[in-house]
Ligand code: GLU
């Protein structure tokens, strides 16, 4: 995630050289403002760390490392998920918090950026222990959290159950104070929003569909006339039946797969999906509804043997999980964890379109290598913002105590993402920069303008 830093600095340089940007900044103060911005954006406002003291059911007491990093509150309260994963560490959480600042600014949400993490593998803990971990998290960090301070949400390894527990504990600690909007991604009965669970996966597929089906087709003529290599990658794939492979079949990957399966606008087929155990492949397209049903009945896991597949009447070959990334497909949707495409597999990637559902799934080196080859990468901050966008709608609904229907939520979600893409895509297809860089330029420009107006650039 060092790449973030490089791109932030490059983006700032580009906008600072543009005289139309903050024209009242004269050359000397511009240099100073640039340094000030690099410092502000590259470091978090606060890093909170604690060791949660948890009594396990077998009587042992463990101390579990936990973090909440508050990167920036320039645009509004800190906002971002809490991840439960054994590889969580301070640097990772800080980078993810920074990504949230950029993501929220890109989509014009009234939030800053934050992220939390607990160093555990949730599968190794009982429900009772997880409940205790959630309560302890809120007890340790309760001073810094709150509906107008810092609003966590689900991330890898957490979901509505954990958000419900956490909100419940926040309410206990702050009796008589507003608590409903202290967490988003809650269950519906507990004040959550319809559509929040599907929002990230739906948004990921929507960005891809909107770019390829609507934008590229409507702008075929001028895209064909530009020198831009990414425009040619998009055009080359716009009228074809596309083969899609999806890494990860959890809440994100399975919803994105179902959207792709059901989408009639684009002639595509999902030929491969994978989870932590296996990859399933069918050249003619997988039975995604069948697989979604199977995972619902089997604790989230995909069928892992030919026998199991036959038994459920699903036609697919079982293959090595990691081979999914290097399959001969047109589109890769990365919906698992970070750093999945790296310097050891980047040369074998065959897909020309990659959509980042997970945060940071491509390393800096691989990102550069693929972009140089003309691979069109739809970056995380653009593609996977559906979750935080619907978190925002949940937060607004909680304040107004008025609730939207599921159709209204999805309509607002798609309109929002379309609005962002209509701002970004024309510039992207005219500039030589990769899409990630364009998104960063847009976010950094917005953040810099607000920081300047708030008198923070000195
Ligand atoms: N964890 C999600 C993300 O990375 C959602 C954050 C939120 O809803 O606040 O965008």
Counting only residues in segment 84-98 that are surrounded by 24 or more Cβ atoms within 10 Å (Cβ to Cβ) and under 14 Å from the mean Cα position of the chain (by Cα), the one nearest to residue 133 (Cα to Cα) is identified as 93
Taking segment 93-106 and keeping residues near the ligand (Cβ under 10 Å from one of its atoms) and in contact with a helix residue (DSSP H, G or I) (Cβ under 8 Å, 6 or more places away or on another chain) leaves 99, 100, 103, 104
Would you check if there is a residue in segment 314-330 being within 16 Å of the ligand (Cβ to nearest atom), in a loop (DSSP other than H, G, I, E, B), modelled with pLDDT of 95 or more and surrounded by 15 or more Cβ atoms within 10 Å (Cβ to Cβ)?
-> no
In segment 390-409, anything away from the ligand (no atom under 16 Å from the Cβ) and either surrounded by fewer than 16 Cβ atoms within 10 Å (Cβ to Cβ) or more than 16 Å from residue 190 (Cα to Cα) (or both) is listed as 400, 401, 402, 405, 406, 407, 408
Exactly one of 81, 59, 76 is under 27 Å from residue 364 (Cα atoms) and either within 16 Å of the ligand (Cβ to nearest atom) or part of a loop (DSSP other than H, G, I, E, B) (or both), and that one is 81
Within segment 379-407, the count of residues that are closer than 10 Å to residue 195 by Cα and at pLDDT below 95 comes to 0
Residue hits (segment 287-313; without any contact (Cβ under 8 Å) to a residue 12 or more places away in the chain and part of a loop (DSSP other than H, G, I, E, B)) are 298, 299
So the helices (runs of 4 or more DSSP H) completely within segment 119-235 holding 1 or more residues that are more than 16 Å from the ligand (Cβ to nearest atom), at pLDDT below 95 and surrounded by fewer than 16 Cβ atoms within 10 Å (Cβ to Cβ) are 220-225
So, first residue in a helix (DSSP H, G or I) in segment 347-364, second residue at pLDDT 95 or above, Cβ within less than 6 Å, six or more apart or across chains; the pairs are 348/326
Take residue 343 and decide whether it is within 16 Å of the ligand (Cβ to nearest atom), on the phi < 0 side of the Ramachandran plot and in contact with a helix residue (DSSP H, G or I) (Cβ under 6 Å, 6 or more places away or on another chain).
-> no
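The values are calculated or read from the model by the stated rules, or taken from the named source; none is laboratory data. None of the values given here were measured: they were computed from a predicted structure. When we count neighbours, we look across all protein chains shown, and the Cβ atoms used for this are built from the backbone with ideal geometry, even at glycine.
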